[in-house]
Amino acid sequence: MTLRTSRTILAATAAFALSTAALHAEMADDELVINGDTPITVKAPAADHLEGHLDEVYSGWLFRTDETRAMEQDDFDNPIMIFAEQGQETWSTADGSEGKSCADCHGDISEGMKGVRASMPKVNEAGKLWSMEDYINDCRTNRMGAEAWGWDSTPMHNMTTAIAVESRGMPVSVKIDGDAQPFWEKGKEMYYTRYGQLELSCASCHEENYGNYIRADHLSQGQIQGFPVYRLKNAGVVSIHNRFKGCIRDTRAETYSPGSDEFRNLELYVASRGLGLDIEGGGVRP
Amino acid sequence: MKRHVAWAAMAVTFAASAAIAETAPMDVKFTDVGAVAESLTGQPGDATKGAEVAATKSLGNCVACHKVSALDASFQGNVGPELNGAADRWDESQLRGIVVDAKHTFEGTVMPAMYKTGPFIRPGDGYTGKAAPADLPPILNAQQVEDVVAFLMTLKEE
């Protein structure tokens with residue numbers, strides 16, 4: 001028993017020294033300013049609810065290489081902007097049996113959608129927690145008489161990206177108390193659940209080991225305020241839920257589906273771990 | 001003729017007893033410091049094969065989290081401590097315990113149990129994201145565990 005305790009403490013201190021050293025050596029000491037005029041907070045003191053878990057929160061952008069970081073600094077170099085432009089076009093294109101476009105009800109996207117991304121996911125009037133995709137599909141089916149878009153379809157990616165751009169540089173503002181609290185609690189429980197045959201939780205990688213490497217992957221805090229992101233590996237847009245799906249699958253677990261209630265709850269909790277950071281409005285990741 | 005039959009019978013008995021001698025994941029006994037004294041197979045491990053198991057992604061994938069200078073694998077991770085000199089720090093039974101299920105040695109560790117079949121929360125079928133089959137095999141089989149332990153025993157610096 002004594003052996004076990006002392007070994008564990010030894011290993012724990014060793015791991016601690018390693019991770020702090022790695023952090024200083026490996027995390028970029030850099031500031032994100034998009035197009036030279038929109039500063040984005042990528043490093044901030046952690047929200048009160050993270051006390052004892054994290055002192056500071058960091059955007060995933062800080063953990064990427066110089067080249068990848070540079071792509072996000074300038075819209076001409078950011079491949080996600082092509083998707084955002086297509087979303088902007090769809091914004092004012094009429095669709096469905098009512099012959100209406102988003103713009104007919106919400107006006108210009110830059111006014112109607114300002115700050116919306118920063119507050120997602122949020123509880124709707126019926127008391128259900130909804131992600132941005134749900135609000136978009138609600139408008140399409142109930143107000144436009146158009147078909148719902150698939151969670152990870154191209155038009156959905158285009159629209160969520162276009163809307164995210166309108167919250168650039170605005171702080172994450174998700175509500176986690178009141179009617180949101182039960183969803184938040186469930187998401188928190190998921191975050192610390194050790195899934196799959198590898199028995200790893202989100203915290204195993206993104207709280208205990210950010211700054212460290214799993215093989216060639218430089219672990220970040222797994223924050224979502226940069227989403228949707230353009231992934232160079234897939235040459236396409238990746239939604240928040242799709243990223244969650246991949247991470248749970250990588251624990252050798254039976255994963256959940258994008259658009260499931262479980263992922264909505266997890267999205268709210270993970271979003272709240274980013275309180276203090278700004279929305280990036282289309283990140284670039286390897 | 002008689003002789004052949006006798007040999008064949010002996011071979012069968014031998015194979016059967018070897019199979020019986022293999023300890024199933026559920027039956028592994030840990031000491032109170034997390035060590036596993038007895039070989040899982042009763043056969044010595046092969047360090048060369050163990051090195052391959054440790055370096056191969058679909059097998060032990062130890063290099064995902066550990067740096068091991070003796071292994072020729074690129075991008076070795078640092079979630080766990082370096083394994084160079086592991087045999088100076090631990091004896092064979094302790095190393096076997098760590099590979100079988102490191103949580104008996106390091107409470108709450110992120111290191112996955114290599115020889116465990118459950119219980120797990122939402123176990124999957126490898127990396128497919130689909131549900132695991134009812135008879136989910138451990139990540140490494142008993143002999144692969146012994147091979148990795150034999151490899152770890154070669155990691156001496158002193």
Somewhere in the stretch A:137-148, is a residue in contact with an Asp or Glu (Cβ under 8 Å, 6 or more places away or on another chain) and under 24 Å from A:PHE183 (Cβ atoms)?
yes
For B:GLY80, work out the one condition from (1) exposed (fewer than 15 other Cβ atoms within 10 Å of the Cβ); (2) at the interface with chain A (Cβ under 9 Å from one of its Cβ atoms) it doesn't fulfil.
(1)
Every residue in the stretch B:107-127 that is surrounded by 20 or more Cβ atoms within 10 Å (Cβ to Cβ) and either among the β-branched types (Val, Ile, Thr) or farther than 17 Å from B:ALA142 by Cβ (or both), please.
B:THR109, B:VAL110, B:MET111, B:PHE120, B:PRO123, B:GLY124
Can you find a residue that is part of a helix (DSSP H, G or I) and of a type in the set (Asp, Glu) anywhere in the stretch A:189-202?
yes
Among the residues in the stretch A:17-35, are any in a helix (DSSP H, G or I) and either aromatic (Phe, Trp, Tyr) or at pLDDT 95 or above (or both)?
no
Tell me, which residue of the stretch A:75-109 that is of a type in the set (A, V, I, L, M, F, W, C), in contact with a strand residue (DSSP E or B) (Cβ under 7 Å, 6 or more places away or on another chain) and within 27 Å of A:GLY226 (Cβ to Cβ) is surrounded by the fewest Cβ atoms within 10 Å (Cβ to Cβ)?
A:PHE83
Taking the stretch B:38-58 on its own, how many of its residues are surrounded by fewer than 19 Cβ atoms within 10 Å (Cβ to Cβ), within 23 Å of A:ASP217 (Cβ to Cβ) and not polar (S, T, N, Q)?
2
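State whether the residues of the stretch A:158-178 include one that is assigned to a loop (DSSP other than H, G, I, E, B), of a type in the set (Ser, Thr, Tyr) and within 14 Å of another protein chain (Cβ to nearest Cβ).
no
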Picking from A:GLY226, A:GLY276, the residue that is modelled with pLDDT of 95 or more and surrounded by fewer than 20 Cβ atoms within 10 Å (Cβ to Cβ) would be A:GLY276
Residue match in the stretch A:98-106 (condition: of a type outside the set (A, V, I, L, M), free of Cβ contacts under 8 Å to residues at least 40 places away in the same chain and under 18 Å from A:VAL172 (Cα atoms)):
no
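The values are calculated or read from the model by the stated rules, or taken from the named source; none is laboratory data. Treat the numbers as computed from the prediction; the structure is a model and nothing was measured. FYI the Cβ positions are ideal-geometry reconstructions off the backbone, even for glycines, and counts take in every protein chain you see.
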